[in-house]
Each structure stands twice: as C-alpha cells, then as structure tokens.
Amino acid sequence: MNWSVISAVNNEAVLGRCLLSSQDISSAREVILQRGYASAAAAYNAGIEKAKGEILVFIHQDVYLPEGWATDLENAVRLVSEADPNWGVLGVWGVTAAGGHAGFIYDGGWRRILGHPFDGGQEVESLDEVVLILRKSSGLSFDPQLRGFHMYGADICLEARRQGRKCYAIAAFCIHNTNQYGMLPWQFWKGYLQLRRKWKAQLPMRTTCTEITRWCWPMMRWNLVRVINLASGRDKPPTKRVQDPSRLYRQLIQSGAIAPPQRP
C-alpha cells in the first residue's frame with residue numbers, strides 16, 4: 001500500500017514515545033512531521049502538498065500504532081473502496097447520524113477500549129481528529145480558515161459530504177495515549193463556534209464528543225456539568241498518558257482485552 005503519514009508536532013518527547021516508536025510506521029512511504037504551524041489545517045494542507053503517497057494518514061503525535069496496524073488499514077481501505085469507490089474520509093473513531101459511535105481504539109483519557117473489531121467501514125457523520133485518512137487523488141483538503149487544532153475532523157467530513165462523498169469509521173486499532181481533560185480548553189469551544197457559523201444551514205451536527213446546535217446548549221451544558229462535578233469533588237483527577245504505550249498494548253493482549261495481531 002502506498003501510504004504517507006502526516007503529523008503536526010509540538011512535543012518531541014511524546015512524538016518519540018508514541019508515533020515514532022510504532023513498528024508499522026516503517027512501512028509508510030514517508031513520515032512528514034509538521035512543526036511550527038499555527039493550525040492543524042495549515043500543517044496538514046502543507047503536508048498534502050509534500051506527500052507522495054496516495055493514502056494520506058493524518059495522525060496525532062500521541063498515537064501508538066501496534067504491530068499489524070498497516071495491514072488493518074490496507075484491508076479496511078480495500079473493503080471500503082470495493083463498497084464505495086468514491087469514499088471521502090476514513091478514521092478510527094466516529095459518530096453516526098443516529099448518535100452512536102463507531103470504530104475501535106484505546107482512549108488514554110478514559111483508560112479504556114472504545115468500540116470493537118469489524119470488517120470494512122461503518123458510515124459516520126463525523127470523525128475524531130486522532131486519525132484521519134484521505135486519498136490524495138480525491139482533492140480533499142482542510143479549510144485554511146479554520147483556526148487552531150480542534151474540530152477539523154468534523155469540518156472535513158462535512159466538506160466531503162458537500163461533495164457527495166461518504167465518511168467511514170474503520171477498525172484499525174491503535175492507542176491514543178492522551179491526557180484526560182478536566183475542562184476542554186477554550187480553543188476547543190472557539191472551534192465549536194466557528195463550525196457553528198460556517199455550517200449553520202446543516203445544524204444540528206454531531207461530533208464525537210459534543211453536538212453543535214444553533215443555541216449552543218450542548219456546549220453550555222457540558223461546561224456547567226463539569227464545573228459542578230469539579231467543585232463538588234465528584235470527578236477524579238484527570239488521568240495522564242503512560243510513558244510506554246507499547247507496554248500498555250502488550251498488557252491489553254495479555255489480559256485478553258484485544259486479540260494478538262495475525263501474522264502471515
């Protein structure tokens with residue numbers, strides 16, 4: 001498979017412990033590390049220009065790809081392409097039009113596996129930014145007007161749908177070795193408000209962690225609940241990323257939580 005990895009980088013230590021320690025990354029045609037950009041859209045669009053692969057994998061620096069990930073990706077792309085040659089965007093975690101979630105991933109913030117294995121793709125309304133997959137030949141790109149590093153996953157899914165392309169979650173299991181948020185940062189909610197303005201004719205729209213509506217009630221409710229829980233002591237201190245995601249992966253296999261990779 002002719003694939004390229006593109007990642008926006010601002011933490012070299014996390015990059016080294018997670019993405020660059022991934023065994024399967026060596027099978028990529030290239031790894032394009034984008035440093036010093038003011039937004040994910042700018043970093044990723046510049047990466048598209050540089051990339052020589054057809055399958056473009058945009059991935060967070062704190063993601064660990066276990067052994068066999070590239071094979072899972074290749075199989076999923078093949079099956080989705082057979083069912084829908086005009087697909088727009090793939091990802092490992094998404095939300096359906098009915099409000100359910102689809103994909104297969106370990107989330108470090110919640111310290112648990114989300115989703116389950118499946119073949120091919122499950123159609124979704126939007127995808128989480130942790131891993132996004134495009135075909136270079138599709139001509140899709142990220143909105144340069146979208147500031148910061150949030151909400152671009154939902155945005156590019158909407159752009160794909162505007163072109164008549166569907167988006168799918170796939171079961172390419174990986175570990176998102178992230179810190180847990182106590183409160184989502186203001187930059188996240190600025191992205192929320194920007195998408196609300198841009199896509200007002202399509203409201204309401206779902207993302208993997210909230211819903212964007214005309215009156216912003218989900219945003220207000222989310223923050224109110226978090227403030228109350230934090231003030232009352234109901235919430236535990238936010239969890240931190242692990243130092244060695246490969247060790248975590250081995251523990252998940254040993255515990256039976258996930259199956260070991262299939263070797264030829």
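For the reader, a short list of remarks on this structure follows.
- Of all residues in region 69-126, those satisfying the criterion of being closer than 30 Å to Trp199 by Cα and polar (S, T, N, Q) are Ser81, Asn86, Thr96, Gln122, Ser126.
- Condition check for Ala43 on (1) buried (at least 21 other Cβ atoms within 10 Å of the Cβ); (2) of a type in the set (A, V, I, L, M); (3) out of contact with any Phe, Trp or Tyr (no Cβ under 6 Å at 6 or more places or on another chain); (4) under 22 Å from Arg241 (Cβ atoms): one failure, at (3).
Matching residues to (1) within 24 Å of Leu15 (Cβ to Cβ); (2) of a type in the set (Val, Ile, Thr); (3) touching a helix residue (DSSP H, G or I) at 6+ places or on another chain (Cβ under 9 Å):
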{"residue": "Gly120", "(1), (2), (3)": "no, no, yes"}
{"residue": "Glu123", "(1), (2), (3)": "no, no, no"}
{"residue": "Val130", "(1), (2), (3)": "yes, yes, yes"}
{"residue": "Leu134", "(1), (2), (3)": "yes, no, yes"}
{"residue": "Leu140", "(1), (2), (3)": "no, no, yes"}
{"residue": "His150", "(1), (2), (3)": "yes, no, yes"}
{"residue": "Ala169", "(1), (2), (3)": "no, no, no"}
{"residue": "Cys174", "(1), (2), (3)": "yes, no, yes"}
{"residue": "Asn177", "(1), (2), (3)": "yes, no, yes"}
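- Where Cys209 falls short, out of the listed (1) under 22 Å from Ala38 (Cβ atoms); (2) in a loop (DSSP other than H, G, I, E, B); (3) of a type outside the set (Phe, Trp, Tyr); (4) out of contact with any Gly (no Cβ under 6 Å at 6 or more places or on another chain): (1)
- Among the residues of region 146-183, those identified as in contact with a Lys or Arg (Cβ under 8 Å, 6 or more places away or on another chain) and surrounded by fewer than 17 Cβ atoms within 10 Å (Cβ to Cβ) are Asn179, Gln180, Gly182, Met183.
- Inclusion of Gly88 among residues that are under 24 Å from Ser39 (Cα atoms) and touching a residue at least 40 places away in the same chain (Cβ under 8 Å) is warranted.
- Subset of region 75-131 that is closer than 21 Å to Gly256 by Cα and of a type in the set (Asp, Glu) - its residue that is surrounded by the most Cβ atoms within 10 Å (Cβ to Cβ): Asp107
- Only one of the listed residues (Leu56, Leu90, Leu33, Leu73) is aliphatic (A, V, I, L, M) and in a helix (DSSP H, G or I). That residue is Leu73.
- The condition of being assigned to a loop (DSSP other than H, G, I, E, B) and loosely packed, with under 13 Cβ neighbours inside 10 Å holds for only one of Arg214, Arg197, that being Arg214.
- Scanning region 1-30 for residues that are surrounded by 14 or more Cβ atoms within 10 Å (Cβ to Cβ) and assigned to a loop (DSSP other than H, G, I, E, B) yields a count of 5.
- Qualifying residue in region 227-241 (condition: modelled with pLDDT of 90 or more and out of contact with any Leu (no Cβ under 7 Å at 6 or more places or on another chain)): yes
- One residue stands out in region 160-171 among those that are touching a residue at least 60 places away in the same chain (Cβ under 8 Å) and either in a helix (DSSP H, G or I) or basic (Lys, Arg) (or both): the one that is nearest to Gly115 (Cα to Cα), namely Lys166.
- Taking the criterion of being at pLDDT 95 or above, in contact with a Lys or Arg (Cβ under 7 Å, 6 or more places away or on another chain) and of a type in the set (Gly, Ala, Ser), the only residue of region 77-113 that qualifies is Gly88.
- Sole exception among (1) more than 21 Å from Gly148 (Cα to Cα); (2) of a type in the set (Asp, Glu); (3) at pLDDT 95 or above for Glu67, by number: (3)
The values are calculated or read from the model by the stated rules, or taken from the named source; none is laboratory data. Values in this document were obtained by computation on a predicted structure and should not be read as measured data. So basically every Cβ, Gly included, is an ideal-geometry build from the backbone, and we count neighbours across all protein chains shown.
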